[in-house]
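The values are calculated or read from the model by the stated rules, or taken from the named source; none is laboratory data. Since the model is a prediction, treat every value here as computed from it, not as a measurement. Please note: Cβ atoms are built from the backbone with ideal geometry, for glycine as well, and neighbour counts cover all protein chains shown. When the accessible area is computed, the model is the full protein with side chains, heavy atoms only, and any ligands, DNA or RNA have been set aside. Shrake-Rupley method; radii C 1.70, N 1.55, O 1.52, S 1.80 Å.
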Protein chains: 4
Amino acid sequence: MKAVRLHEFHQQPVLDDVPEPQLGGPLDVIVRIGGAGVCRTDLHIIEGQWDAAMGTPLPYVLGHENAGWVHAVGSAVSSVEVGDTVILHPTPTCGLCRACRAGQDMHCSASSFPGLSGDGGMAEYLLTSARACVKLDPQTRPQDVAALADAGITAYHAVRKAIPLLYPGTSCVVIGAGGLGHIGIQCLAALTAAKIIVVDRNPDALKLAGQLGAQHTVLADGGQLAAVAELTGGAGAEVVLDFVAEQGAEHDGWAMTGRAGSYFVIGYGGTVQVPTLDIISTERNIVGNIVGTYNELAELMVLAQDGKVTLHTRTYPLAAAPEAFADLDAGRVRGRAILVP
Amino acid sequence: MKAVRLHEFHQQPVLDDVPEPQLGGPLDVIVRIGGAGVCRTDLHIIEGQWDAAMGTPLPYVLGHENAGWVHAVGSAVSSVEVGDTVILHPTPTCGLCRACRAGQDMHCSASSFPGLSGDGGMAEYLLTSARACVKLDPQTRPQDVAALADAGITAYHAVRKAIPLLYPGTSCVVIGAGGLGHIGIQCLAALTAAKIIVVDRNPDALKLAGQLGAQHTVLADGGQLAAVAELTGGAGAEVVLDFVAEQGAEHDGWAMTGRAGSYFVIGYGGTVQVPTLDIISTERNIVGNIVGTYNELAELMVLAQDGKVTLHTRTYPLAAAPEAFADLDAGRVRGRAILVP
Amino acid sequence: MKAVRLHEFHQQPVLDDVPEPQLGGPLDVIVRIGGAGVCRTDLHIIEGQWDAAMGTPLPYVLGHENAGWVHAVGSAVSSVEVGDTVILHPTPTCGLCRACRAGQDMHCSASSFPGLSGDGGMAEYLLTSARACVKLDPQTRPQDVAALADAGITAYHAVRKAIPLLYPGTSCVVIGAGGLGHIGIQCLAALTAAKIIVVDRNPDALKLAGQLGAQHTVLADGGQLAAVAELTGGAGAEVVLDFVAEQGAEHDGWAMTGRAGSYFVIGYGGTVQVPTLDIISTERNIVGNIVGTYNELAELMVLAQDGKVTLHTRTYPLAAAPEAFADLDAGRVRGRAILVP
Amino acid sequence: MKAVRLHEFHQQPVLDDVPEPQLGGPLDVIVRIGGAGVCRTDLHIIEGQWDAAMGTPLPYVLGHENAGWVHAVGSAVSSVEVGDTVILHPTPTCGLCRACRAGQDMHCSASSFPGLSGDGGMAEYLLTSARACVKLDPQTRPQDVAALADAGITAYHAVRKAIPLLYPGTSCVVIGAGGLGHIGIQCLAALTAAKIIVVDRNPDALKLAGQLGAQHTVLADGGQLAAVAELTGGAGAEVVLDFVAEQGAEHDGWAMTGRAGSYFVIGYGGTVQVPTLDIISTERNIVGNIVGTYNELAELMVLAQDGKVTLHTRTYPLAAAPEAFADLDAGRVRGRAILVP
């Protein structure tokens, strides 16, 4: 089958012919890919940023944001069957560790992460497990929802954690209205009555943000701290969701967070640097966020099916992967780029 | 009356003769001080670290950790009367702002902080408000409990926030077994079944920690990261309570925090410096902590009255304040130094 | 001044000439009433149902749902001033008990309840306290928002408690789309993405419910249990908000509550009767609800100001109070009846 | 093998010779029973109380509280191996439904309940699944811990839910100091600093309660309401844990619950009957409780291993099952009766 594989760091992935994956264990599932999202993390993988943490031997197939149709199932799989339309939780989990037994899929002590820890979904077929499959309405086109599998679940997970902090009268700053951010804004609008303030460098992204539910948009042209201060009556926001967390956003995000507030780190690449006196004198928090739970992905699919979260996507054939990567890197993608095999 | 006043930063406070405070508003209360705790924050105040945040004009009376007897009350005070034994919440609050109405005394938008924002309790009398007074059993000696007014409430507040994270089978690292830490250890032992691991540079402090309920003590001699890693099966702790947060503790504390864990900053002086990739890939949190609520102080007094929290104190007459500061600075105080007018 | 007073149980209240209230304590506030809501509780008071609990000597002025303009303030009041437009929390509180210090105004151990425990707001002026006043935009017409002071806060309080249970994919049944229910529906729509199913005996109330955000409406004509079962896939609802809780609704409400679900009792008059085996075998909860906190009233005013909660009201002059009571009793009021002095 | 089977309702179970269970699916596990607890639910089963809910065809083997050693495992089991000492969660679960994915094992939509829904553990061998096995220290004697598998997990689950309500200064009433209650008391003492008040009809049970951590014991001889009122300053308890919930306890339990408090139903047999006016005017809650999660069982085993929860048990050989049932029924068992094959 055709697959987009990374052969060397700092080089573009290549469209290879590789063998189709085969069923191994009784809970394995093979999915025919209908859409595979292109994520900033893919750029970071190509740059080698994840090598220290993952150490995955090259070459391997990229793609950790996948949806499609069940193609084959192991002997003990009863939750899905061949032909089902599915979206895939990014980390097939063991189901037996403390984290799994608490529903904290993203902290499974024995999970894999296809597309980071081994072959992913930028290919015709992907090997995953029954525990990763969320069954969808058969009418759903996988390419229309694939971006919810990682960008979506990650944004939703952060918003869901923030809900108790975002009662009416509070403000939530969203830094970055791209692939994740544009979903986060819609989740906020669907699940809270907080004032949504979106900060981005790109005027087009801000325009989209306004259409998706942002009450205020702020161009990150140097005056963003002052603008957010003014919009929050000088107090800062109760919650800041930072979908960028690099190139200065990580400093802005903390500074925009008000007394007793919480700064949610979702993007990555930069370094948080804060005096402990600042942390304690205002009792602010820094909240880590990674992917989300299986149930959160299922909940997000309800929002999508109800039309409360809609994706802005642009599709590319598998062979155009390099072009998709380049568009993302250059900030030319509004919403999410999707590869369709 | 006699009072310990700071005249210049970087110079020792001086025992002055000053006028007694007078009642102003209808909710004012004047307390005859029975005990005033000496806190590392006093050293930081002397060093000028709080000047930027507070800007309090010199000279003023130090002392933000106070207990005593009600000496005079304003016309509308009904909750305490002259002669009552009381411990004082450190921040008299307005009672009307959003934070006060939510019970979040430490975030009152119009509170004062006697000893930091104006005259404190290292004196014979202190002016405070009815809202700051927690009434005690008349048998209680103020000097025996004064340290609970700030060291106690701060440690208790952090522990109380951590309780939901500390179910049986989890580990809690306590960095620093001094004035706050030795109270925090007892609160942990009273309110959770977590494994308590205490880290300190001082063997005597560790000995005390062991007597107060620590299952494991670790000398911070350079091998502390490895020791905590071993004690937590390589996973790190679910919660780290850092009562130091300077001089390297702030790096240790983060490193000792396990996946999905929370690093509570309670001490201050250092700078947290963490790549956002580390925050998100492990979904760890950094949690700010400052003082606590009025109800938390009342709850802590229940623990004290039940004998579940006992203070290790050393008393000094008011005139010996410089000696008490010096002892604290040199690490010669086990538990807390208390000035008794 | 003119005031609507209850002289005897089971008899209509009477429009009397009574002396204006006078300021007593330093935190007292006198409000010129702009609107006073008529509540089913007023009918219950007239029937004597609250006599055992309250024992208020007759005659006294009814009206526990009030908004207006500040007319006079005590010497220590700084949070509002004469002329301010205000809505009143129904229970002026002491501000000093454990409940007040935790923000749980409705559990104040020393609160009054004007209109139940003494003279209320169906009059030209009302005596209350600074702690009860929520300041409003001066443009607001008190008669337009008065119903939020009790019907509103009570519905909002219940919904806010239910939010964590109402993630996407869940169902919330609302029993009763009257004074409280029609506000509850709007709060649910503003703050959750749950499926809202409204049950009422009155087709007009259901029509209004549909306009306010209910996805499904069910006529309570005997088939309501079957209808809710079908709408929830046979599983019952995660949350049932029962704004009636009498005349059989209290049995329906429990029966409509699914496994691990919560039945919120908000209305009253009936008796819950449930085998403990039913409670434990399904691990269902019964949740009491009364009024709400000061901050919740302030939050609700934000929703109102943002247009997310709009009241359906019908105004009557003070002299027409008996007519208003009769209309409510006969089910002729859509939304809320408001007396305007 | 030998097994205690129920042949007819209202008749004593019989020790039969039956075939050993066989492995079916790849995740099946067969456990050699080391101890099987005798529970009041067994008496209720014999009386036919569970027939309507379960409809299990007779005869079948009783016993839903089991521990032992792994005897055989299915082809896909990797979490335990033959010879492991294990305690069994009472409900083998599917691992794939919403409840399982949220860690709510007791609400699995496809679980079985050996001993209620089919053959249980009062036998030499039991068929269960890998998901039910909690691995223990090999030194543990199954008969010493078996009672934690159901009595323990159920008591622990209720206590864990109550922890946030039981801050220092609060009171917790425990009704019934028998099989579940004597574990609940120890969990309360280990995990909270609340005042523990135990109510029971049996003076011996109260004596045991005092030894296990109860601060106050109250004989249920008719004066129990007055006694609890006095012990709680007239206010009632913040939490009541009712391990009986029949024969009047269900009325006492509600009456002992203070304003804004929660009445936890854990036992069963009676009927709760409460006017909705009582529920709302005090904002009290009734909280259902059933079994607990897999992780809760694992947490409880930590408490047991740390010596914080110790069981009071009396062992009987399998053949003496009728005697054990009779002793339990007559109130002659302190703690828990355990059958040892």
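Which residues, taken from region A:43-67, are in contact with a strand residue (DSSP E or B) (Cβ under 8 Å, 6 or more places away or on another chain), on the phi < 0 side of the Ramachandran plot and not hydroxyl-bearing (Ser, Thr, Tyr)?
Applying the first criterion (in contact with a strand residue (DSSP E or B) (Cβ under 8 Å, 6 or more places away or on another chain)) to region A:43-67 yields A:45-46, A:56, A:58-67.
The next check asks that each one be on the phi < 0 side of the Ramachandran plot; those that pass are A:45-46, A:56, A:58-62, A:64-67.
Hits for region A:43-67 are A:ILE45, A:ILE46, A:LEU58, A:PRO59, A:VAL61, A:LEU62, A:HIS64, A:GLU65, A:ASN66, A:ALA67.
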Going by the structure shown, is D:ARG40 open to solvent by 10 Å² or more (accessible area, probe 1.4 Å), among the basic types (Lys, Arg) and away from every other protein chain (no Cβ under 13 Å)?
-> no
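Kindly establish whether C:GLN224 is closer than 19 Å to C:VAL159 by Cβ and of a type outside the set (Lys, Arg). Let's see the steps before the verdict.
Working: closer than 19 Å to C:VAL159 by Cβ: no; of a type outside the set (Lys, Arg): yes.
No.
Could you check region C:106-118 and list, in sequence order, the residues that are within 20 Å of C:PRO26 (Cβ to Cβ) and either surrounded by 22 or more Cβ atoms within 10 Å (Cβ to Cβ) or touching a Phe, Trp or Tyr at 6+ places or on another chain (Cβ under 7 Å) (or both)? Break it down stepwise before answering.
First pass over region C:106-118, keeping only residues within 20 Å of C:PRO26 (Cβ to Cβ): C:108, C:110-112, C:114, C:118.
Listed by number, the residues that qualify are C:SER111, C:PRO114, C:GLY118.
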Using beta carbons and a limit of 6 Å, which pairs, at least six apart or on different chains, have the first residue in region B:232-243 and open to solvent by 60 Å² or more (accessible area, probe 1.4 Å) and the second one among the small types (Gly, Ala, Ser)?
-> B:ALA235/B:GLY258; B:GLU238/B:GLY261
So, of the residues in region D:195-214 that are among the charged types (D, E, K, R) and open to solvent by 60 Å² or more (accessible area, probe 1.4 Å), which turns out to be nearest to the other protein chains (Cβ to nearest Cβ)?
-> D:LYS195
Within region A:286-298, track down each residue that is of a type outside the set (Asp, Glu), farther than 12 Å from B:VAL272 by Cα and outside any loop (DSSP other than H, G, I, E, B).
-> A:VAL287, A:GLY288, A:TYR294, A:ASN295, A:LEU297, A:ALA298
When you go through C:ALA177, C:ALA158 one by one, which is the residue that is touching an Asp or Glu at 6+ places or on another chain (Cβ under 6 Å), open to solvent by less than 10 Å² (accessible area, probe 1.4 Å) and farther than 19 Å from A:VAL159 by Cβ?
-> C:ALA177
Among the residues of region C:260-284, write down those that are in contact with a helix residue (DSSP H, G or I) (Cβ under 8 Å, 6 or more places away or on another chain), farther than 28 Å from C:GLY178 by Cβ and open to solvent by less than 20 Å² (accessible area, probe 1.4 Å).
-> C:THR276, C:GLU283
What is the residue count in region B:32-60 for residues that are under 19 Å from B:THR315 (Cβ atoms) and in contact with a Lys or Arg (Cβ under 9 Å, 6 or more places away or on another chain)?
-> 5
Please tell me if C:ASP84 is out of contact with any Cys (no Cβ under 6 Å at 6 or more places or on another chain) and surrounded by fewer than 22 Cβ atoms within 10 Å (Cβ to Cβ).
-> yes
Answer with yes or no whether A:ALA147 is in contact with a Gly (Cβ under 6 Å, 6 or more places away or on another chain), of a type in the set (A, V, I, L, M) and open to solvent by 10 Å² or more (accessible area, probe 1.4 Å).
-> no
Residue satisfying condition, being buried (at least 20 other Cβ atoms within 10 Å of the Cβ) and more than 14 Å from every other protein chain (Cβ to nearest Cβ), within set A:THR257, A:THR192, A:THR293, A:THR217 = A:THR217
Please work out which residue is farthest from A:GLY181 (Cα to Cα), limiting yourself to region A:316-341 and to residues that are in a helix (DSSP H, G or I) and open to solvent by 40 Å² or more (accessible area, probe 1.4 Å).
-> A:ALA319
Answer yes if at least one residue in region C:41-60 is within 14 Å of the chain's Cα centre (by Cα) and assigned to a strand (DSSP E or B), and no otherwise.
-> no
Leading residue by the ranking (nearest to the other protein chains (Cβ to nearest Cβ)) among those in region A:302-315 that are in a helix (DSSP H, G or I) and open to solvent by 10 Å² or more (accessible area, probe 1.4 Å) = A:VAL302
